[in-house]
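**Student:** Just dropping this structure here.
The values are calculated or read from the model by the stated rules, or taken from the named source; none is laboratory data. The structure presented is a predicted model; accordingly, all values stated were derived computationally and were not measured. Please note: Cβ atoms are built from the backbone with ideal geometry, for glycine as well, and neighbour counts cover all protein chains shown. Note: areas computed on protein heavy atoms with side chains; ligands, DNA, RNA excluded. Shrake-Rupley method; radii C 1.70, N 1.55, O 1.52, S 1.80 Å.
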Amino acid sequence: CSWNGWVTAFCSARRRRETEDVLLVAGLEIIGEAVWDKRCPGLGYTIRYAHETVIVAVAGKPKPAMPLLSVLRGYRTSQAMSERHPHEKPVEVMGRLVEFASNPGQVVLDPFMGSGATLIAAQGLGRAAVGIEIEERYCEVTAKRLAQGALPLVFNG
């Protein structure tokens, strides 16, 4: 890689190896993982996972980011969330990742924007962000949410 930066990638337990392989082929070094405790189980026939894994990788040698707790907690039970996007993440969870992976003045990239939780979190932390989404309807949802403005995010620890 010719850039310095952090990458965080959500994946299910069943897709962890594939996700790590993609990051390694891209030239990233896998540093570790965090777990998003969704506090409610998803669908499943054998195991109903109530968490998602977040793979943490790095390109180059960026300045150390703020430490990230290995367990991120955030409810995913809001009806509004499920109506906006089936895999929407809470802004607070994405805010923790944005705060970890970027410094003020840096640009945050979300190549799978969905309904914009990462962009909303970046806005709340005073960072610029770029989102990419293939589904036009989700671009419209994100634009509407961004126009409403984000509340400043402040984390303690």
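**Student:** Would you say residue 70 is among the small types (Gly, Ala, Ser), at pLDDT 90 or above, under 21 Å from residue 37 (Cβ atoms) and open to solvent by 30 Å² or more (accessible area, probe 1.4 Å)?
**Tutor:** Yes.
Okay, residues lined up against (1) part of a helix (DSSP H, G or I); (2) open to solvent by less than 20 Å² (accessible area, probe 1.4 Å):
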{"position": "89", "(1), (2)": "no, no"}
{"position": "95", "(1), (2)": "yes, yes"}
{"position": "112", "(1), (2)": "no, no"}
{"position": "115", "(1), (2)": "no, yes"}
{"position": "118", "(1), (2)": "yes, yes"}
{"position": "121", "(1), (2)": "yes, yes"}
{"position": "126", "(1), (2)": "no, no"}
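**Student:** Pick from the stretch 17-38 the residues that are surrounded by 12 or more Cβ atoms within 10 Å (Cβ to Cβ), within 16 Å of residue 58 (Cβ to Cβ) and aliphatic (A, V, I, L, M): which of them is farthest from the chain's Cα centre (by Cα)?
**Tutor:** 24
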